[in-house]
Structures are given as C-alpha cells and as structure tokens.
Amino acid sequence: MDGILAVRTLMVVMIVAPCKAAPTVSSSQEDNTKAQEYLSQFFSEVGVSAPDSIWRSALDDFEETLKKMQEFFGLEVTGHLDSNTLQVMDKPRCGFTDVARYGHFDGQPKWENSVVTYRITEYTPDLTKSEVDATIAKALQIYSDVIPLDFKQIFSGTADIMIEFKAKDHGDFSPFDGLNGVLAHAFSPGEGRGGDTHFDEDEHWSLSSAGANLFLVSAHEFGHALGLAHSQVSTALLYPTYTYVNTEGYKLPDDDKQGVQAIYGVRTISDQPSAKPDPIPQPDPIPQPKPKPQPQPEPELEPEPTPDPLPNRCSRSLAFDAATLMQNNLYFFQGGYFWKKSSNWDGIMMKKIQSVWPGINHVDAAYENKRSDTAFFFEDNHYWGIRGNTILPGYPKPLRNLGFPRSVRKLDAAVHVPITSRTLFFAKYKYWSYNERRGRMDRGYPKLIYQDFPGLGYRVDAAFENRGDLYFSNGPTQIEYSYIRRRALRTLFNKSWMECEY
Ligand code: TQI
Ligand code: ZN
Ligand code: ZN
C-alpha cells in the first residue's frame, strides 16, 4: 500500500441506547446539518479540527466523509445525502449508537515476518543519537510487549521500517509543512515505502512536554506502520489529536492494544524472544581482509520460522480464507493450501489445493449442501461443484448464475444453514440468503452483516456450520454463533481447531 491517506475501515461496536422517536420528514437544510453532526460524531476525524488540535485531515470535507460512511455501511457510494443514507444515519438514534473503536487499513496490510527490522538513516540535531535510538526502541517496544513481533534495529541496507528526519519535500508525495501542522507520517505495512516513517525536521523534537514529544509521536506513527488506522476512542494512542501525557512507564492503551492484537494476535510467554542479546557492533580499528560473511543465526522465534512458505496452523494469527464441513470432515482454506480435520481419523492433514482439485488455486468461500452431498468452492468470480475429491462436470460457473449482481467480484464466506435450507453468502459488509430448495436468491437482500448478526462485527473471512452452530471467522479469531438464538456464544482463536499444544 503506497498511500498514507488510505481510506480507513472502522470497527463498530453496537451499544444499546434508549429509543428516541424516529424523526419525521425534514427539510434538506435540516438533513444537511443532521448529517454533518452525524458524520462528526460517528464517522470521521472532523472532531479534531478543534482549535487546540494540531492535526487536520485532508479528507475531512463533507463529501469524502460521506462517501466513507456510505462505503462502510455498504450503501451505494454517491457522496450525496440520498434517502438510504439518511435512513442509516437515523438508525443509531433508535436502538444503538455506533462507537467506532480502533480501525485497520483497507485490506488489513500487516507484517508477515515475526521480526521486523528498522533503520534510522537520518537523525535530528534536536536530540542526541542515542536519545533518538532509545526513544524509537521504546516506542516500538510498547507494541512488541503485546503482540508476537520483535523489532530489530539495523545499521545498513534496507529495513522494513526506514526512519528519517526530513524537512519539506523529501521524495514521497507528502512534503512536510514547516513548524507545527503535520509532525510526521508513516506508510502502512508493505513492500517498498510500506512501514517507512518520516519525521518533520522543522519541528522541535523533545523528550518532554515542550515541542513535539518524539516518544508519543513515534508511538502513534508506528501504530500506522503496523497497520492501525485512527481510532475514535479519545484515550487511544491512535486518536488523531495530540495530547501530552507522561511517557514514563507508558503502556499501549487498551483500544490500540485490541486493534493491534486483532491483526497480529496476542503475545504469550512462549513468544518471548530468546534472551541472547545482539552482539554490539564493534568497529574494526584496522580494516582486515574479511572472511566470507558467516550466515548469522537469526534469533529462533517460534512458531513462525521465517522463510517458510507454508502456513503454520498453530500460529496465533492464523486466518482462514474459507472453511466448510464436507462429508463430515472440516476443511479450512488458507492461501493455496487447505487443512482437513477428519471426524474419524484423529489428525489434521495439510495439502495443496491444486493437488486435490486441479485448476483451483485458492478458495475464497466454501459450503456444503448435505442434501445433495455437494460442496461448492468459490474462487474470484466463479465457483465449482465438488463431491469429495472430484470436481463435478459443468464447472466452473460464473457467480452471477446464483443471482449476484455483477458488482460482486468475489465472496468472503459462505455457510449453509440446514434448518432453513438457506445458504448465506458474505461479501464485504453485506450478506445474501440463497434458497437451496427453490434454487434462487431470497428477496430483500443484500442486507448488512452488522445489523442482522449482533456481535459479529462488520465482515466475515470464513464461515462454517458444525453441530448446529455457526462459526464466523474474521482475522485470527472466530465467533461461535447460535443461529436460532441469533447471538454470539463465544470467541475462539482459529487455531483452536488445529489441535495445537497451546
Ligand atoms: N501526522 C498524521 C498522523 O500520523 C498523518 C496522517 C493523516 C496519517 N492521516 C493518516 C498517517 C492516516 C497514517 C494514516 O495522523 S501528524 C498526531 C496526533 C500526527 C498527528 O503529524 O498530524 C500524532 C502525528 F494527531 F494524533 F496527535 C502524530 Cl500523535
Ligand atoms: Zn514522508
Ligand atoms: Zn495518525
């Protein structure tokens, strides 16, 4: 992702609020005011344009914010106050309020290795080098304390996170603006510029409450560099206003902690890096003919050995692309691989999808219709009928055969609900209901996931049915859900299906 101003996705929590009478038809002037209020309350960083704020969003104009809100709620993105949009805005007044918590960037970019390197290529004259080194290390450590990632400073070559202090134009498309205004920026995780963090040299960098506190600003930026967007929780580090707090013994606030753990999982005792300290680089007084560079043993960090292309089923950050029951075995899909957890044989096996169903590279969504003993695998905009290890003739078929609009390019998840003979299809923030007996989509869909499945959040990566309950996975965790009672029963890690030691 090569943009700092990536559109944010917000997480929404629903809180039951007393029900006020729905407003009656109002004039468009009233609508506008109401919408502005709504957006500033629930949907943007408009709130930070308060006079004491140093931060202003380039995106905070009304239309842009409205578009974000429409995308978030799965509405048609028009940038205009149409009746559907107004309807959604009225909702929170009756039934629940939206409280946006932490957010992630679109596509949830993250670091895939358990060791993330950083390098400071240009220092600020405002502080000593060692003050900068120590402050940056401390700011990164508040994250590595709570997630199974370790940061390693390097002194040459290209690091994942390249750090520099620069003024004005500095080679990306976001020149700094002199004293105050923007203090720093960071790119979300990824190749190239991804993760890079730049500090405006025109600020007065400090370790106190004067000027710009390097610890607080860098801790905020590293949140972005790890994949966090802004939060609307006012006590969050990723809340887009600068408030000086004592940095002594500073701990990552709860909301940011939840946000970053939703991406990387939780650090446990077994994730502690080996106690072996890195050797302090000693300058060679006399240049000597160097022996061939010895391969340096990387610090052993289980459970994810780095150059391992195979997904690790016991990783706390294990996410699924798709999952389904098929002939009483559970199948979980991830990248080009799947795990089969069999009901009779005690064990789990992993195989390449291609090796069993040639022609299928990855599976976005999968479900089984027990009645016809057929499973369906979805990849991009087409799908296959599967029975056991065979692909049925006549496939792949295009998604639109099932009644999806052309705008649906891929599904996120699918699950069959035997008691209703319906299959639920999930794509982005919406879901569809397909009547398997009649072989057609039910009327009135798509609907919004977060409205009809309280406790689920707003999107789903994978879904399956097992012993009458539904399981909805999103990121590393999943929710066990009672379809009959329409409520979430408990939250599990995906890997809890994987027969891991811990
Ligand atoms: N820099 C902005 C920031 O980091 C740059 C930015 C705007 C941004 N939108 C973004 C970066 C989205 C990543 C993703 O938020 S800043 C604060 C604040 C800044 C602001 O210099 O304005 C802090 C830097 F507002 F929270 F105080 C650090 Cl802590
Ligand atoms: Zn920059
Ligand atoms: Zn920020």
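Considering only residues that are assigned by TED's automatic domain parsing to the domain that holds residue 378, in contact with a helix residue (DSSP H, G or I) (Cβ under 8 Å, 6 or more places away or on another chain) and aromatic (Phe, Trp, Tyr), which ones fall in the stretch 459-502? Matches in the stretch 459-502: 483 only. Which one is nearest to ligand 1 (Cβ to nearest atom), of the residues in the stretch 181-193 that are assigned to a loop (DSSP other than H, G, I, E, B) and touching a helix residue (DSSP H, G or I) at 6+ places or on another chain (Cβ under 8 Å)? Step by step, filter the stretch 181-193, then rank; the result is 183. Listed conditions (1) within 16 Å of ligand 3 (Cβ to nearest atom); (2) outside any helix (DSSP H, G or I) are all met by residue 259, apart from (2). Within the stretch 149-173, the residues that satisfy the criterion of being open to solvent by 30 Å² or more (accessible area, probe 1.4 Å) and either in a loop (DSSP other than H, G, I, E, B) or of a type in the set (Phe, Trp, Tyr) (or both) are 151, 154, 155, 156, 157, 158, 160, 167, 168, 169, 171, 173. Residues of the stretch 198-208 that are in a loop (DSSP other than H, G, I, E, B), under 20 Å from residue 138 (Cβ atoms) and either open to solvent by less than 60 Å² (accessible area, probe 1.4 Å) or modelled with pLDDT under 95 (or both): 203, 208.
Select, from 210, 159, 186, the only residue that is among the aliphatic types (A, V, I, L, M) and away from ligand 2 (no atom under 16 Å from the Cβ). Only one candidate passes the filter, namely 210. Taking residues in the stretch 208-223 that are closer than 16 Å to residue 181 by Cα, and partners anywhere that are within 9 Å of ligand 1 (Cβ to nearest atom), the pairs with Cβ atoms closer than 6 Å and at least 6 places apart or on different chains are 212/183; 212/203; 217/183; 217/184; 220/237; 221/184; 221/186. I need a count of the residues in the stretch 218-269 that are among the hydrophobic types (A, V, I, L, M, F, W, C), out of contact with any Lys or Arg (no Cβ under 6 Å at 6 or more places or on another chain) and closer than 22 Å to residue 196 by Cβ. Result for the stretch 218-269: 9. Counting the residues of the stretch 179-197 that are of a type in the set (Asp, Glu), under 19 Å from residue 123 (Cα atoms) and open to solvent by 30 Å² or more (accessible area, probe 1.4 Å) gives 0.
The values are calculated or read from the model by the stated rules, or taken from the named source; none is laboratory data. These numbers were taken from a predicted model, which means no experiment stands behind them. Heads up, the Cβs are rebuilt from the backbone with ideal geometry, glycines too, and the neighbour counts pull from every protein chain shown. Protein only, heavy atoms only, side chains kept; ligands, DNA and RNA dropped before computing areas. Shrake-Rupley method; radii C 1.70, N 1.55, O 1.52, S 1.80 Å.
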